[in-house]
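As structure tokens, the structure follows; a few thoughts come after it.
The values are calculated or read from the model by the stated rules, or taken from the named source; none is laboratory data. What you are looking at is a predicted structure, and each value in this text was computed from that prediction instead of being measured. Every residue, glycine as well, gets a Cβ built from its backbone with ideal geometry; the counts of neighbours run over all protein chains shown.
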Amino acid sequence: MSLCYLNGSFLPLAEAQISVLDRGFIFGDGVYEVIPAFGRRPFRLDAHLRRLDRSLSAIGMRPVLAAGPWAEIFARLLNTNEGEDQTLYVQITRGVAPRVHAPPPNLAPTVLVMSSPLPRQDLAQAVSAVTHEDFRWQRCDIKSISLLGNVLLRQFAVEAGAHEAILLRDGQVTEGASSNVFVVHDGQLYTPPHSQLLLPGVTRDLLVELLADTDDAVREAPVTEQMLRSAEEIWLSSSGRELAPVGILDGRPVGAGGVGDVYRRVLARYQQFKVSSRER
Ligand code: PDD
């Protein structure tokens with residue numbers, strides 16, 4: 001049975017309980033993080049904790065723990081639970097209170113951390129995607145637990161036989177239902193710039209950083225629907241799936257329909273970085 005952390009205690013996940021009046025349950029009033037861990041060590045932990053604190057601040061909550069105590073909780077779960085590679089899931093809600101929309105001040109937040117094994121995956125295996133209008137709200141930069149829009153969009157993709165939905169708002173790509181999007185167009189690598197309409201992905205930002213001084217430097221610039229549809233390569237990035245090449249978009253092959261040269265180079269660079277950060 002997997003161990004979790006809930007409000008200061010470690011206990012088996014099956015025994016963890018919260019009140020039905022938790023504002024996360026009633027309103028989706030909370031934020032979360034998904035942190036990959038390779039060889040039982042969190043990857044890009046500082047960036048994930050910074051984003052967690054930014055999400056909390058965006059909904060008017062204070063940081064819950066400092067980096068040291070977070071790291072101790074994560075280490076205990078990662079060393080106890082199954083899997084050399086795992087994903088940590090952190091969820092913080094505003095806490096428990098009678099159901100009124102306006103958040104009462106000074107509630108004790110509900111803090112949950114759990115982890116699950118991360119299956120080994122072939123990152124060079126192409127996936128398929130479909131496009132969909134981005135009908136979500138306008139604060140997609142907050143990693144909110146209110147994910148109904150993302151859930152419905154992913155359901156649409158799955159029902160269409162695809163892995164991911166790539167979202168379009170006003171003729172431009174924002175992101176995937178649970179990933180960021182990169183395209184190679186006319187030999188140049190692009191990803192949409194940070195804005196309130198997409199999540200600042202930790203994997204996305206790492207790729208931008210790793211490629212900055214290379215021939216594959218990423219241009220953080222708008223990606224139009226037309227660029228997406230005529231792209232030589234499309235890939236998705238996220239903490240769970242890392243980097244995934246898209247071979248088919250809306251039933252048509254992307255570029256030559258396989259895994260592109262730029263993807264292969266970038267994947268090699270990313271994997272090299274993963275190895276070197278484990279050795280540190
Ligand atoms: N999702 N955009 C959205 C809407 C996401 O949900 C995610 C990740 C990303 C990629 O961000 P990162 O590289 O920091 O994982 C972009 C996680 C994995 C999830 O909800 O399970």
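What do you reckon, is Asp53 of a type outside the set (A, V, I, L, M, F, W, C), over 18 Å from the mean Cα position of the chain (by Cα), surrounded by 14 or more Cβ atoms within 10 Å (Cβ to Cβ) and closer than 24 Å to Gly201 by Cβ? So Asp53 does not fit the description; no.
Being outside the structural domain of Val34 (by TED's automatic domain parsing), more than 14 Å from the chain's Cα centre (by Cα), within 27 Å of Leu147 (Cβ to Cβ) and buried (at least 18 other Cβ atoms within 10 Å of the Cβ) is the requirement here; does Val181 meet it?
Values: outside the structural domain of Val34 (by TED's automatic domain parsing): yes; more than 14 Å from the chain's Cα centre (by Cα): no; within 27 Å of Leu147 (Cβ to Cβ): yes; buried (at least 18 other Cβ atoms within 10 Å of the Cβ): yes.
The answer is no for Val181.
Going by the structure shown, is Arg99 outside the structural domain of Gln196 (by TED's automatic domain parsing), farther than 16 Å from Asp22 by Cβ and of a type outside the set (Phe, Trp, Tyr)? Explain how you work it out, then say what you get.
Values: outside the structural domain of Gln196 (by TED's automatic domain parsing): yes; farther than 16 Å from Asp22 by Cβ: no; of a type outside the set (Phe, Trp, Tyr): yes.
So Arg99 does not fit the description; no.
Would you confirm whether or not the stretch 149-166 contains a residue that is touching a helix residue (DSSP H, G or I) at 6+ places or on another chain (Cβ under 6 Å), touching a residue at least 12 places away in the same chain (Cβ under 8 Å) and farther than 30 Å from Ala268 by Cα? Checked against the condition, which is being touching a helix residue (DSSP H, G or I) at 6+ places or on another chain (Cβ under 6 Å), touching a residue at least 12 places away in the same chain (Cβ under 8 Å) and farther than 30 Å from Ala268 by Cα, the stretch 149-166 yields no hits at all. Scanning the stretch 211-225 for residues being of a type in the set (A, V, I, L, M) and buried (at least 17 other Cβ atoms within 10 Å of the Cβ) gives a total of 3.
Does at least one position in the stretch 103-124 carry a residue that is over 30 Å from Gly161 (Cβ atoms), of a type in the set (Asp, Glu) and outside the structural domain of Trp235 (by TED's automatic domain parsing)?
Keep residues of the stretch 103-124 that are over 30 Å from Gly161 (Cβ atoms), which gives 103-115.
Subsequent filtering for residues that are of a type in the set (Asp, Glu) retains none.
No, the conditions are met nowhere in the stretch 103-124.
The test for being within 15 Å of the ligand (Cβ to nearest atom) and modelled with pLDDT of 95 or more does not hold for Gln17. Of the residues making up the stretch 122-160, those that are touching a Leu at 6+ places or on another chain (Cβ under 7 Å), within 13 Å of the ligand (Cβ to nearest atom) and part of a loop (DSSP other than H, G, I, E, B) are Asp134, Cys140, Asp141, Lys143. Exactly one residue out of Ser116, Ser128 is more than 30 Å from Arg252 (Cα to Cα) and either surrounded by fewer than 19 Cβ atoms within 10 Å (Cβ to Cβ) or of a type in the set (Ser, Thr, Tyr) (or both): that is Ser116.
The set of residues in the stretch 189-237 being within 18 Å of Ala268 (Cα to Cα) and free of Cβ contacts under 8 Å to residues at least 40 places away in the same chain consists of Arg204, Val208, Glu209, Ala212, Asp213, Asp215, Ala217, Val218.
Of everything listed in (1) assigned to a helix (DSSP H, G or I); (2) in contact with a Phe, Trp or Tyr (Cβ under 9 Å, 6 or more places away or on another chain), the single unmet condition for Gly68 is (2). Scan the stretch 167-184 for residues that are within 14 Å of the ligand (Cβ to nearest atom) and without any contact (Cβ under 8 Å) to a residue 24 or more places away in the chain and the total you get is 0. For Glu209, the requirement of being under 23 Å from Lys274 (Cβ atoms), among the charged types (D, E, K, R) and within 16 Å of the ligand (Cβ to nearest atom) is met.
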